[in-house]
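Below you'll find the structure, written out as structure tokens, and then a few comments.
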2 protein chains.
Amino acid sequence: MEILTTLYLGDSKEKLKMLSDNSVDLIVTSPPYADQRKNTYGGIHPDQYVEWFLPISKQLLRVLKPTGTFILNIKEKVVDGERSTYVMELILAMRKQGWYWTEEFIWHKKNSYPGKWPNRFRDSWERLLQFNKDKKFNMYQEEVMVPIGDWAKKRLKNLSETDKKRDNSKVGSGFGKNISNWLERDKAYPTNVLHLATECNNKNHSAAFPEELPAWFIKLFTKENDTVLDPFMGSGTTLIVANRMRRNTIGIDNVPEYYDMVRTQIQQVELYLLESKTEYEKTKSEGRISVR
Amino acid sequence: MEILTTLYLGDSKEKLKMLSDNSVDLIVTSPPYADQRKNTYGGIHPDQYVEWFLPISKQLLRVLKPTGTFILNIKEKVVDGERSTYVMELILAMRKQGWYWTEEFIWHKKNSYPGKWPNRFRDSWERLLQFNKDKKFNMYQEEVMVPIGDWAKKRLKNLSETDKKRDNSKVGSGFGKNISNWLERDKAYPTNVLHLATECNNKNHSAAFPEELPAWFIKLFTKENDTVLDPFMGSGTTLIVANRMRRNTIGIDNVPEYYDMVRTQIQQVELYLLESKTEYEKTKSEGRISVR
DNA sequence: GTTCCGCATGAATCGATAG
DNA sequence: ACTATCGATTCATGCGGAA
């Protein structure tokens, strides 16, 4: 199966109209925050942020599959000593637009930006808002399981009576089964708090987005050959990770430098893959790039 | 200076009217979260939550000093597969009421409630919303500095223990300048993410949150002889910690059992302090209780 | 007195069943 | 159809008794 990369140079609101209905499995994006990145995106005033984003999210709702998920990385800025409310307003507005606000993950940035202010501490977390088109969506939880805590080693030696009793309440069916489940368990499901350091990027752009972040959501919400969209791709972290994980990718950005940079980088990855192939049919079937 | 404890049995909305304007330095509270089951616990329906809370927050705004801070611990529940929006709406409504929404701290609960569902992971964080009456407020950042390095977590965990011992090392200025400078350099300001475990078992009752949580905010936003208010004191964790830290406290609850329990516990602490005093003037000046 | 280990239980959430 | 109740699922922690 061929993996496709499609890049668009231009405004998201317009370029998204070129995508088909119900064609995307996962959207992961970090749009320009209000009043920030003035040089590149022109900066949206906090008061106009919701108004600016709603036409875009409307398109995203259209192109997302009913089983798909939209992960929005965002954090409100401090304006005149208090937190702006545009994220709150955006959530409310998107629900009216038809989105379900399924969950809010917390991205805890371990090495947050340094600084000192008299009235606040360093901001070391961001929101990862999960929106869905339908209440039923694809979620592959086993893909992101984490090692269980040390307490488990001791615990697994002996099962407490209470555990047996709790399991017992399910009368009759599969009593011995539960115990064996616990005995073999060395991994646990994660929570809705993600601990990731911000990447110390050596590149010449500003998007501090660790690869683990999109990788986690790509593993959780898609499988191979699914399609991942980033309507504000920036330096393309999401796309590059998704491409590497053998997902089809669609990226949009209105900054030519970003567009060129991502295109070059994806092509390099694809070339590398091509060179490492020995069989003809693999060469033929993989690594196709569609850059428009 | 005498430390005063004032307890009210009754509805917060009404009892708060008995407090003077601009008389409280810090409000730390965890109101009942919205509950769908109105009949069983008298919970507030999510749709009516904002309407229910606004009269109370109006009183809180009145009694808070201009230099004071209001910390609101809250988390929205999942209703019908998605997160409720009443917290978002509450923030917006409280701003209209005159509050400044200064900051949102994250309380990361490491031992969150277990469980597995097809569409979400365990919820392991809560909001700690900081509201202020004025853009200038008291904040004693040095009081909550944490050691740098691996021992930071351990130290944070022991903070409440240190409070009990009423750390004397600062007072006795026997340190040479070199050493104190060196010590200072080992500390860093915290961020807006707090890592604390929920306390499983207290003696007789279950505490809503660990003592470290109110202790942290009490240190950060008040000094000795300031006044701390909890309009939904519940089992009284905030009040007991504040009392131990030599802050005047005001507590309100409409559950007689809680009221009696907190009153008893505060009195026991005060009696213990009394018994440990040897000098007459200390006995005279401390430990007065005003229970109404 | 330390350290180790067993154990109960949390501001949870979903899906099925009952009224 | 809609709402209330109940069973099932599952992880980390502090406490108390034991070595």
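Would you pick out the residues in the range B:68-92 that are touching a Pro at 6+ places or on another chain (Cβ under 9 Å) and at the interface with chain A (Cβ under 10 Å from one of its Cβ atoms)?
B:E76, B:S84, B:T85 - these are the residues of the range B:68-92 that are touching a Pro at 6+ places or on another chain (Cβ under 9 Å) and at the interface with chain A (Cβ under 10 Å from one of its Cβ atoms).
Determine whether B:K65 is open to solvent by 10 Å² or more (accessible area, probe 1.4 Å), basic (K, R), away from DNA strand D (no atom under 16 Å from the Cβ) and more than 9 Å from chain A (Cβ to nearest Cβ).
Yes: the conditions hold for B:K65.
Those residues that are among the charged types (D, E, K, R), in contact with a helix residue (DSSP H, G or I) (Cβ under 9 Å, 6 or more places away or on another chain) and more than 16 Å from DNA strand D (Cβ to nearest atom), I need them from the range B:97-139; list them, please.
B:E104, B:R127, B:K133
Can you confirm whether B:G81 is of a type in the set (G, A, S) and either more than 11 Å from DNA strand D (Cβ to nearest atom) or at pLDDT 95 or above (or both)?
Judged against the criteria, B:G81 is a match.
For the condition surrounded by fewer than 22 Cβ atoms within 10 Å (Cβ to Cβ) and modelled with pLDDT under 95, what is the one hit in B:N22, B:N39?
The unique qualifying residue is B:N39.
Working only within the range A:137-146, note down all residues that are open to solvent by less than 30 Å² (accessible area, probe 1.4 Å) and more than 8 Å from chain B (Cβ to nearest Cβ).
Within the range A:137-146, just A:V144 meets the criteria.
Looking only at the range A:133-155, count how many residues are modelled with pLDDT of 95 or more and among the basic types (K, R).
So the answer is 3.
Matching residues to (1) polar (S, T, N, Q); (2) away from DNA strand C (no atom under 16 Å from the Cβ):
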position: A:Q59; (1), (2): yes, yes
position: A:V63; (1), (2): no, yes
position: A:I71; (1), (2): no, yes
position: A:T85; (1), (2): yes, yes
position: A:E89; (1), (2): no, yes
position: A:W101; (1), (2): no, no
position: A:I106; (1), (2): no, no
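Tell me yes or no: at least one residue of the range B:42-53 is within 16 Å of DNA strand C (Cβ to nearest atom), within 14 Å of another protein chain (Cβ to nearest Cβ) and either at pLDDT 95 or above or under 17 Å from the mean Cα position of the chain (by Cα) (or both).
So far as the range B:42-53 goes, yes, one or more of its residues are within 16 Å of DNA strand C (Cβ to nearest atom), within 14 Å of another protein chain (Cβ to nearest Cβ) and either at pLDDT 95 or above or under 17 Å from the mean Cα position of the chain (by Cα) (or both).
Mind listing just one residue for me: the one in the range A:93-120 that is of a type in the set (F, W, Y) and open to solvent by less than 10 Å² (accessible area, probe 1.4 Å) and, of those, nearest to the other protein chains (Cβ to nearest Cβ)?
Ranking the qualifying residues of the range A:93-120, first place goes to A:W101.
Could you give every pair whose Cβ atoms fall below 8 Å, whose first residue belongs to the range A:89-110 and is over 30 Å from B:P190 (Cβ atoms), and whose second residue is part of a helix (DSSP H, G or I) and among the charged types (D, E, K, R), counting only separations of at least 6 or pairs across chains?
A:L92/B:E89; A:Q97/A:K58
Being more than 7 Å from chain B (Cβ to nearest Cβ) and either buried (at least 20 other Cβ atoms within 10 Å of the Cβ) or among the acidic types (D, E) (or both) is the filter here, so list the residues in the range A:121-136 that pass it.
Residues satisfying the conditions are A:E126, A:L128, A:L129, A:Q130, A:F131, A:N132, A:K133, A:D134.
Run down B:E89, B:E51 and say which single residue is more than 16 Å from DNA strand D (Cβ to nearest atom), in the same structural domain as B:T249 (by TED's automatic domain parsing) and within 20 Å of B:D123 (Cβ to Cβ).
Being more than 16 Å from DNA strand D (Cβ to nearest atom), in the same structural domain as B:T249 (by TED's automatic domain parsing) and within 20 Å of B:D123 (Cβ to Cβ) holds for just one of B:E89, B:E51, which is B:E89.
The values are calculated or read from the model by the stated rules, or taken from the named source; none is laboratory data. Every value quoted in this text rests on a predicted model; they were computed, and no experiment measured them. In this analysis, Cβ positions are derived from the backbone assuming ideal geometry, glycine residues included, and neighbour counts consider all displayed protein chains. For accessibility, only protein heavy atoms count, side chains too; no ligands or nucleic acids. Shrake-Rupley method; radii C 1.70, N 1.55, O 1.52, S 1.80 Å.
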